[in-house]
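Remarks on the structure that follows.
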Amino acid sequence: MRNQISRKFYFPFLIIFSIIIGFAGWYEIFQHYFSDRGIVRFNWHVDIEQPTHSKIILDETAPMSVDGPVYTQFTYNKKTIKKLKKKEYWIKISNNNIKNLTQKVTEYNNSILKYPVHSMKSRQNLLENPVVFNDNCYYYVKRDKEKQDQYAIFILNPKEKKLYLLEYYF
């Protein structure tokens, strides 16, 4: 009789345990490949930690290609922003490099604002959601090794708990 009870308990427990492990595995796969973090890791080989919220400000990529600018803002909680700030790729913004970074961000913005090929909505979104940085922030510029015209500018503002990602595909 004791053997029967243990079988009645063991088999359903094994099934439920297997289902939980399966869901956990699929969740990890989703986080690694299909989340905001996974997409940035896939496109730029940069780990940005999983944001609590993301907002696509501008996406001018053509429907049948990947050409065009993309601007995304990622928001983090206090714990994750500290973890992200410790990544080794960041360069601290200082008086020596802020002018260069400002020029890169301005060039990116002008590539959208100056040319009529970009929609009015994209221009308005860009103006309403500026990239905010100062000498307490960090940045990282990543160029595609194969296509030097493609680049991404990562700007981390720990005070606002935001990461600004400006991507340009051409």
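The values are calculated or read from the model by the stated rules, or taken from the named source; none is laboratory data. Computed from a predicted model, the values in this text were never measured in an experiment. As a convention, Cβ positions derive from the backbone with ideal geometry for all residues, glycine included, and neighbour counts pool all protein chains shown. Surface accessibility is based on the protein's heavy atoms, side chains included, excluding ligands, DNA and RNA. Shrake-Rupley method; radii C 1.70, N 1.55, O 1.52, S 1.80 Å.
Under a cut-off of 17 Å between alpha-carbon atoms, report the aspartates and glutamates in cross-link reach of Lys121, not counting same-chain residues fewer than 8 places apart.
In chain and number order, the partners are Asp59, Glu60.
I'd like the carbon and sulfur percentage of the solvent accessible area for the stretch 42-170, probe radius 1.4 Å, heavy atoms only, ligands and nucleic acids excluded.
C and S fraction of accessible area: 52 percent.
Computed FRET efficiency, Cβ-Cβ of Asp144 and Ser94, R0 25 Å: what is it to the nearest 0.05?
The formula returns an efficiency of 0.40 here.
Subtracting the Cα-Cα distance from 0.36 nm times the residue separation, let me have the gained length for Thr52 to Ser119 in nm, one decimal.
21.3 nm
I'm checking a number: the convex hull volume of the Cα atoms of the stretch 92-170, normalised per residue, in Å³. What is it?
95
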